[in-house]
Amino acid sequence: MTNLTRRQFTTTTAAAVATFAAGVHAAEPTTGKIKVGQIGTSHAHASGKMEAMRSLSDTYEVVGLADVDLEKAKRATQRKPYEGLPVMSIEQLLSTPGLQAVAVETEVRQLVPTAQLCIDAGMHIHLDKPAGESLSAFRQLCAAADAKKRTIQMGYMLRYNPAFELLFQAAREGWLGEIYEIDAMMGKLASAGLRKDLAQYEGGGLFELACHLIDAVVTILGKPDEVIAFTKRTEAPKDTFADNQLAVLDYPKATATVRCNHLDPFGFPRRRFQVAGSGGALEIKPLESGEVDLSLTEARGAFKKGTQHLTLKRAGGRYDGEFTDLAKVIRGEKQLAWDRQHDLAVHEVVLKAAGMAAD
């Protein structure tokens, strides 16, 4: 077993995906702490994103928490991630002097409309996933961001996971040869409450959760020629939740399968991402553990021919990498490695894979 840290990697996140996506707008150079706020506490990642921003106290100054429902925001400040934060309306937050960025963490249906308000106000945004139920609405948001030269960083945290950084490097540099196969799964056992929450979305669990996997597939292989969706609603007519789904993404020489199963009591330890090609294979399991099996037909840099098990350590919390990278973009030090075309392609594939209309 080999233990590696990010510092031992020879590439950064941006370098690892450089050939897959051109950068988006970098900001005008800025110095000092970045003033940031958050809108919403309803998203599954909301408290974690706030924890990440507040933990990076040398980089960010969190000016407040906003929501359409101020009472809900006030209740949130009783929890540690939001403790002591000023609560304000969205209008008040967006008019805060010096505000540069907003993390949009509403319920999924309100993500894009809320992000549009932020872009219209001239803010850079961290937009959690998925990007709403309408491709055209997300396309309009991206166009507005381009017009104002503002960044939209999507909340796909696997981009900054060290195991996926290694995977993107391996794909970019051709370690795995011609890639023919990707197999990925992200499931869990949904509670009654979660089933009710997700049943409001036609695309169910794959739409809300497995979009992370699709972002990684498109990073490696690009936009597929065809997407075939298989959707099961196992509790119908009791509820309409799409709880057992499979999507097949078809490419000229490859197929990628993405599963999302919300009926699996062992879903978390079984989460995986596996890639196989003519020059090797790489499997990440469990998904965010940093545990990697890398098999190569020839040695590549520090990695030997044959199969080796790697344990890759993440520096900081689950979402720290996202906000560290976003700060560099806002400061004009770099461009975001995932461009508009990539994010729009991902969202189109997510909608199709979940059996939804990609208008």
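Annotations
- Residue selected from the stretch 323-359 under the condition of a type outside the set (A, V, I, L, M, F, W, C) and touching a strand residue (DSSP E or B) at 6+ places or on another chain (Cβ under 7 Å), by the criterion nearest to A137 (Cα to Cα): D343
- Condition broken by Q169, with the remaining ones in (1) closer than 29 Å to G204 by Cβ; (2) not in a loop (DSSP other than H, G, I, E, B) satisfied: (1)
- Residues located in the stretch 287-305, provided they are farther than 30 Å from Q38 by Cα and either surrounded by fewer than 18 Cβ atoms within 10 Å (Cβ to Cβ) or at pLDDT below 95 (or both): E291, D293, S295, T297, E298, A299, G301, A302, K304, K305
- Search result, residues across the stretch 128-157 that are touching a strand residue (DSSP E or B) at 6+ places or on another chain (Cβ under 8 Å) and among the aliphatic types (A, V, I, L, M): A131, L141, A145, I152, M154
- Residue that is more than 17 Å from the chain's Cα centre (by Cα) and either within 23 Å of S278 (Cα to Cα) or open to solvent by 30 Å² or more (accessible area, probe 1.4 Å) (or both), where the choices are F241, F266: F266
- Positions within the stretch 105-164 being part of a helix (DSSP H, G or I), crowded, with 22+ Cβ neighbours inside 10 Å and among the basic types (K, R), in sequence order: R159
- Meets criteria (of a type outside the set (A, V, I, L, M) and part of a loop (DSSP other than H, G, I, E, B)) for E71: no
- Y251 meets the conditions (1) surrounded by fewer than 18 Cβ atoms within 10 Å (Cβ to Cβ); (2) touching a residue at least 60 places away in the same chain (Cβ under 8 Å); (3) under 19 Å from E181 (Cα atoms); (4) touching a helix residue (DSSP H, G or I) at 6+ places or on another chain (Cβ under 6 Å) in every case but one. The failed one is (2).
- Members of the stretch 176-217 that are of a type in the set (S, T, N, Q) and closer than 20 Å to E133 by Cα: Q200
- Enumeration of residues in the stretch 86-95 that are in a loop (DSSP other than H, G, I, E, B) and surrounded by 19 or more Cβ atoms within 10 Å (Cβ to Cβ): none
- Taking helices (runs of 4 or more DSSP H) as the structural unit, those lying wholly within the stretch 180-235 and holding at least 2 residues that are open to solvent by less than 70 Å² (accessible area, probe 1.4 Å) and under 20 Å from A281 (Cα atoms) correspond to 211-221.
- Just so you know, in the stretch 312-335 the residues that are among the hydrophobic types (A, V, I, L, M, F, W, C) and more than 16 Å from V36 (Cβ to Cβ) include one that is nearest to the chain's Cα centre (by Cα), and it is A315.
- Set side by side, the residues Q341, Q308 differ, and just one is open to solvent by 30 Å² or more (accessible area, probe 1.4 Å) and modelled with pLDDT of 95 or more, which is Q341.
The values are calculated or read from the model by the stated rules, or taken from the named source; none is laboratory data. As the structure is a computational prediction, the values presented were derived from the model and not from experiment. Virtual Cβ from ideal backbone geometry, glycine too; neighbours counted across all protein chains shown. Ligands, DNA and RNA are excluded from the accessible area calculation, which covers all protein heavy atoms including side chains. Shrake-Rupley method; radii C 1.70, N 1.55, O 1.52, S 1.80 Å.
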